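The values are calculated or read from the model by the stated rules, or taken from the named source; none is laboratory data. It should be emphasised that the depicted structure is a prediction, and the values quoted were computed from it without experimental measurement. No Cβ is skipped: glycine too gets one built from the backbone with ideal geometry, and neighbour counts run over all protein chains shown. The area values use the complete protein model at the heavy-atom level, side chains included, leaving out ligands, DNA and RNA. Shrake-Rupley method; radii C 1.70, N 1.55, O 1.52, S 1.80 Å.
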Amino acid sequence: MKFAPRHSTERGHADHGWLKTFHTFSFAGYQDPHHMQYGCLRVINEDRVEPTRGFGTHAHREFEIFSYIVSGELEHRDSMGNVEVMKRGDLQMTSAGKGIRHSEHTHGPKPVHFLQIWSMPSTRGLSPQYFTRHFSDEEKKDGWAHVVAPVDVEGVVEKREAPGPAPVHSPIDLYATLLSQGTKVSHNFARQKGYAHVVQTSGYNTKEASGAQVRVSGAEGGALDLKEGDGVYIMAAPGEEVVVENVGDRVAEVLLFDMDAFYT
């Protein structure tokens, strides 16, 4: 197993007033040929949107688009007739397939903080679909909640609302944890690539990363410490174990992707 850190200060970021955002991969005005995608993972945007503002109706094709709500409320509307207000713990997945149009706006008087994640499907030209799931803080506490999984995996339910992970048409699994001080969780990779991200729960910060701190271990080069907004590319063999430990002074919210090397 090998690690390649992706520090928060190296990511793309922009403050548009109504939108404060970080880009892990090239997106919009931020373009970096060294960070275009990883496996089937194409976008990790950490967005904060002010009240009454949002993303107007726009089109997507092919991408699997999921929103992970950290705080506040987000209203989703799309051309399939779905209208949804999502809050903390909710995960929404739109399989754009042959094409959809949607909009996303802050709902209520408080800003919304969420991660917008895109993956590339294994099959093109699918019929558009929409799914929602909810995962409580208790489900994530000091363990991995399995929030997204391939549609053909046993136990994944291909219905708009259901228990368990949201179905995705990509070779990717997403796990989330709320890790208490001094605790650790481990994961055995099913595939060859991984990516871990520490959510910026303490606020938008374009300077040196602060807040929660975790230690990721299992690589040849030893342990790697990450703070809020930091991430790490992980190259692994199936079955290899990665350990994430909270070495900071507060709860750490961490996302972990396990994906195929199908895409270069």
Label zone at Gln181, where the point sits 7 Å out along the Cα-to-Cβ direction: segment 220-264 residues whose backbone N lies under 14 Å: 246-252
For a quick check: with amide H placed at 1.01 Å from N, whose amide H comes under 5 Å from Gly12's, ignoring anything fewer than 5 positions away on the same chain? His23
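Could you tell me the calculated FRET efficiency between Asp225 and Ala14, based on Cβ-Cβ distance and R0 = 22 angstrom, to the nearest 0.05?
0.25
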Provide the three semi-axes, in whole Å and in decreasing order, of the ellipsoid equivalent to segment 115-200 as defined by the square roots of 5 times the Cα gyration tensor eigenvalues. 24, 15, 12
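Report the extension gain between Arg61 and Glu75 in nm, rounded to one decimal, defined as 0.36 nm multiplied by the number of residues separating them, less their alpha carbon distance.
Length gained, Arg61 through Glu75: 3.0 nm.
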Expressed as a percent, the accessible surface of segment 111-264 that is carbon or sulfur, using a 1.4 Å probe and the full set of protein chains, is 48
Relative contact order (percent) for the chain, with alpha-carbon contacts under 8 angstrom and 6 or more residues of separation? 21
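Taking the Cβ-Cβ separation of Arg160 and Glu50 as r and a Förster radius of 25 Å, what is the calculated FRET efficiency to the nearest 0.05? Intermediate results must be reported in sequence, preceding the final value.
Working: r = 29 Å, r/R0 = 1.17.
Computed FRET efficiency for Arg160 and Glu50: 0.30.
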The answer for segment 87-229, accessible area per residue at 1.4 Å probe in Å², is 42
Please get the size of the charge dipole for segment 63-213, origin at its Cα centre, with Cβ charges of +1 on Lys and Arg and -1 on Asp and Glu, quoted in debye to the nearest 20. 300
Cα convex hull of the chain: mean projected area in nm², to one decimal? 12.9
Taking the Cα-to-Cβ direction at Val243 and at Ser210 and moving 7 Å from each Cα, how far apart do the two end points lie in nm? 3.0
Would you calculate, for the chain, the mean residue ellipticity at 222 nm contributed by helices, counting each DSSP H stretch of 4 or more residues as -39,500 (n - 2.57) and dividing by all residues, to the nearest 500? 0 deg cm²/dmol
Within the accessible area of segment 1-49 (1.4 Å probe), percent carbon and sulfur: 54
